[in-house]
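Since the structure comes first, as structure tokens, the remarks are kept for the end.
Just so it is clear, none of the values below were taken in a lab; they were calculated from the coordinates. Here the structure is a predicted model, which means the values were calculated and not measured. All Cβ positions, even for glycine, are placed from backbone atoms using ideal geometry, and neighbour counts span all protein chains on display.
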Amino acid sequence: MFTGLIEEVAKVADVKKSLQGARVCIEATFCSELKVGASIAVNGVCLTVVSCGSHAFEVEVMNETLHLTNISKAKNVNLERAMLATGRFDGHIVSGHIDGVAKFISAREDGFSRVLRFEYPTKQIILKGSICVNGVSLTISGLCENFFEVSIIPHTLKNTNLSALCTGDLVNIETDMIAKYVEKMYRGAQPLKSAIDENFLKEHGF
């Protein structure tokens with residue numbers, strides 16, 4: 001479980017790909033506090049530490065994750081260690097299970113904040129709702145059928161990799177977990193379409 005508050009922007013030192021997946025080496029300042037088997041969010045993707053040294057750690061990434069995320073192409077990644085049960089719950093509930101990638105379209109300044117626009121289906125997104133972009137907990141400030149906007153304060157820009165986005169870049173997206181459950185329950189509550197229609201009646205002599 002994560003909260004979407006980034007601890008560090010780290011450099012991807014190496015990516016070794018194979019038919020089975022990839023092994024990614026990441027340099028970080030808190031490596032001495034990690035242990036093998038620990039969960040860590042890398043650009044919002046929940047991964048498992050498989051080796052760690054004093055200055056870098058490694059994670060294994062399966063093919064499905066490589067296909068659904070930007071992990072294999074990222075040069076600098078947002079890092080967040082798993083939430084402690086004794087810690088404050090800032091941000092919002094983040095599982096680290098990515099729904100897909102969004103394309104960065106544009107940015108504009110609005111006072112001291114920067115408004116970023118992303119192309120992405122918005123059926124699970126609501127205005128003023130929560131969304132996780134490259135692991136960063138953000139609030140939806142603008143919404144249309146095929147894009148959404150988030151407003152970012154200077155502190156977040158300075159301490160995440162969102163400040164380095166270029167037009168066309170892909171970012172990892174995790175929509176709000178509660179919204180996904182509500183949507184599924186709503187779909188399940190829809191009345192079943194009756195099998196008895198005009199064609200059925202004709203076929204049975206009515």
Looking at region 49-70 only, could you name the residues that are of a type outside the set (D, E), surrounded by fewer than 19 Cβ atoms within 10 Å (Cβ to Cβ) and more than 19 Å from I173 (Cα to Cα)?
V50, S51, G53, S54, H55, A56
Would you point out the residue of region 97-154, among those that are assigned to a loop (DSSP other than H, G, I, E, B) and among the charged types (D, E, K, R), that is farthest from the chain's Cα centre (by Cα)?
E145
Output the number of residues of region 122-150 satisfying the condition of being crowded, with 21+ Cβ neighbours inside 10 Å and on the phi > 0 side of the Ramachandran plot.
2
Could you give every pair whose Cβ atoms fall below 8 Å, whose first residue belongs to region 118-136 and is free of Cβ contacts under 8 Å to residues at least 24 places away in the same chain and closer than 20 Å to S106 by Cα, and whose second residue is exposed (fewer than 15 other Cβ atoms within 10 Å of the Cβ) and of a type in the set (S, T, N, Q), counting only separations of at least 6 or pairs across chains?
K128/T139
Would you confirm, using the coordinates I've provided, whether D90 is in a strand (DSSP E or B) and either touching a helix residue (DSSP H, G or I) at 6+ places or on another chain (Cβ under 9 Å) or surrounded by fewer than 19 Cβ atoms within 10 Å (Cβ to Cβ) (or both)?
no
Conditions (1) closer than 25 Å to V150 by Cα; (2) crowded, with 16+ Cβ neighbours inside 10 Å; (3) among the basic types (K, R); number of the one not met by R23
(1)
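For (1) of a type in the set (A, V, I, L, M, F, W, C); (2) in contact with a Lys or Arg (Cβ under 9 Å, 6 or more places away or on another chain); (3) in contact (Cβ under 8 Å) with a residue 60 or more places away in the chain, each residue gets a yes or a no:
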position	(1), (2), (3)
G4	no, no, yes
S32	no, no, no
A38	yes, yes, no
V49	yes, yes, no
